[in-house]
Structures are given as structure tokens and as C-alpha cells.
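The next block holds one structure in the form of C-alpha cells; read it before the comments.
The values are calculated or read from the model by the stated rules, or taken from the named source; none is laboratory data. From a predicted model like this one, the values you see are computed outputs, not experimental measurements. Backbone-built Cβ (ideal geometry, glycine too); neighbour counts: all protein chains shown.
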């Protein structure tokens, strides 16, 4: 069974109901999945729940994966998405949270006794965020070679390459990851990076966790309430997560239905206004930001952020487009069906299906502000001992939020999803206005159905 590829194991599990094939997949990938979850949540119990949810998700959705899909890559991306959703729930979809009230109580990365522990601690906080920015082929190559410590021959077979080509791809991908880490302030030589990830990227799993994951493919598996909740809240995000290849398919589909053409006609020739938020203090800017969030005014929201990097600018633009689309959809539903029905259908779930910007605005009145010249920091307490930090800077005499906030509200995968789903949601909004749908619930379900179809089985 060790000679069988991931795709063959998965096919035999689904078609011949061979649970031992699924257990072989768990044996092969569980350390990578658990390690990814543990790095992001830094808590064993939560990481265990996330890992189990990922393998249960494979049970639910694996039969629809395309033959060329890298199982290691799919498991890794699912892990990062579920972990991100878990953190967003605990942070109430705010910006970064730090355990800052007690300097001796900080989130700890996964620790293993070794002489290179200090270098790993420096790397661990930036590793998965940088991996997220790699292309899928580059990410898959690194996952197999270093996170799962496969031989170059095994990597070549898994990726459908010659061994020489696989070696070149791994080397090139490693250099790209190193450059991304340097951009985040982590300068590590490529050889050291490879060594650290190989040693710590897929840590040993406690025996009880290993046994739990092995049982995921069993018909008798009964997940805990925590795992069931994770699946329920994260399944929509997984299904609607769009990779770059899917974006092309989605745009073709939208063109076929006239969505892109209609959107282009609506926007052609219009010069978008750029309303500027002007505030005397960072706290006043946050209050204006809260008002704009409540009004779904994407342009004003984006004007509050000082963005320098092109990548972050593009992600912020995608978020702006999505916020505007959600606002238009919400207003159309309220006009057609009333406030009460719309509030229940669109916003009763936590987190809601649609994006609602939440940066802790309900606690602004109790926030602390520290200004030093042209820079400032605002701390908003989210719960006892847990504070959210937002950095500000003065640009041309005007207070703006530092661009790092974009990483919290619009990751690269989020931005792709926003760009694809905004025109799709605009179509549903036009259906609401035209009276084609009978309720806000029907409108939301129509949007969800179309979004899931665009997933393409990825």
C-alpha cells in the first residue's frame, strides 16, 4: 500500500470502501496537517480539532477532487483556511490580537528541544503566511520535499515530473519562499530554511491524536461537538475558496451569463470618487471607520489605510469591491423584504456567510491611544487580558492606518474570492431588485449555490 499514490488510495477508499486506504493517507499526511494547525493556533487541543476536521472534510469532499489535485496541497490549504476561520471567530473577525496585558503570557509556537530552536521560533510566525503567497506548484513541491520529507524521486512521481525537473522546482520554490520571508523581516539562508522546515515542519503527533485522526475515515467515526462546529462554520469557506486557476473558470462563466459585460457597462466611463477620512486623532479615525463599515462604504474604508505595496493595494481594492457589493445586496434585500427578514436571513449566523467588517468597533469607547509624533498605536480590549493593536501613521498631515492591517482582513486567497464573488453577488442583487427571488433567504441560497458551482472541485 505504501507504493500507491495519494490519488489511487483516495479512489480505492471511495470506490471500494477500503478504510485502510484512508488510514494510509492519514499516516502519510497527518504530521504535516497537525503541524500546520499547531503553528497557527499554538494550542494542542484546538490544533487536534482542526486536524480532525480537515480529514473529515476530505471524507466529505474527496470524491469530487480532480485527478491532478495534490492531496498534500489540498490538505494544507484546507488546514490553513480552517485555522484562519477558527482564529477569526475567536477574534470576532478583528485585526491581530496579542496577549499583551501580561508580558509573560504570550502565544507560544510549537516547541521541540533542539539547538536551532531560536531560529525556528523566528521563522514560525511568518512561515505559513509566506507559504500562502506561493503559487500552488511551488507550495506543493515544498510541502512534499521538506514538510513531509519525501525523497526527490517521490516528489517527482507525485508531481508527475522527472527527477531532475523536480529538483529544479524544489530549489526554485525554496528561493521564492526565502525571498517572501525576507519581505516579512525573516532573513534565513535557503539551506538553513530547508533544514528548519524538515526538522520542525511536521512534528511528532501525540499517540491519542494519531489514533483519533486514523479513525476519521471510519464509518463509525463520531466527531466531537467542537469538531462538528468547526466543520459547520468552515465548510462554506472551503467550498467557496478560489484558487487562481479557478478564477479563470469563474470569469468565463460570468462572461457566458453576461455578468462581466453588465458590470463593465455599469462602470465604464465612471471616475470613482475617493472620499477621504479626515480625523484629528487615531481614535476619531476609528469611529469614522466604524460608521463607514456600518454603511458598507468600501471607498471610505480603503481611504483610511495607507498602502504602499502593490500586493496589499490589490487586495484592499478587492475587499473594497466586495464590501460595496455586500452593502448593495443588503440594501436591496431590506428594501424588497424588510429589515427583520433580511437581518435574520443574512446576519443571524456567526460568522455570517457574507463578510461583515469587524475590527472591534464596539469597544472603541474603552480603547487606549498612544501617540508619538507622526505614529500612534491604539489598543482595543477584546476580552480580559487580550488586546488588539492597530498601528497608525500621519501621511501628508492626515492620520491613516498602517498597511499591515490588510494582511488581517484580506489574505491573498481572500482577495481572489472577493474578486470572483463580487460580480456574482451583484447579479443576485439585480435579481432581488427585479423581483426574481421571493425572499432574502432564497437570494442568499442562490448566491451560495452559484459560488459553490464555481469552486470547480478544487
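General remarks:
- For residue 77, the test of being on the phi < 0 side of the Ramachandran plot and modelled with pLDDT under 90 is failed.
- Listed by position, the helices (runs of 4 or more DSSP H) enclosed by segment 105-174 that each have at least 2 residues that are surrounded by fewer than 20 Cβ atoms within 10 Å (Cβ to Cβ) and at pLDDT below 85 are 117-132.
- Helices (runs of 4 or more DSSP H) contained in segment 1-85 and holding at least 1 residues free of Cβ contacts under 8 Å to residues at least 12 places away in the same chain and more than 22 Å from residue 228 (Cβ to Cβ): 6-16
- Residue 69 passes every criterion in (1) out of contact with any strand residue (DSSP E or B) (no Cβ under 9 Å at 6 or more places or on another chain); (2) modelled with pLDDT under 90; (3) buried (at least 20 other Cβ atoms within 10 Å of the Cβ) apart from (3).
- Restricting segment 161-188 to residues that are under 23 Å from residue 25 (Cα atoms) and touching a residue at least 12 places away in the same chain (Cβ under 8 Å), the residue that is farthest from the chain's Cα centre (by Cα): 166
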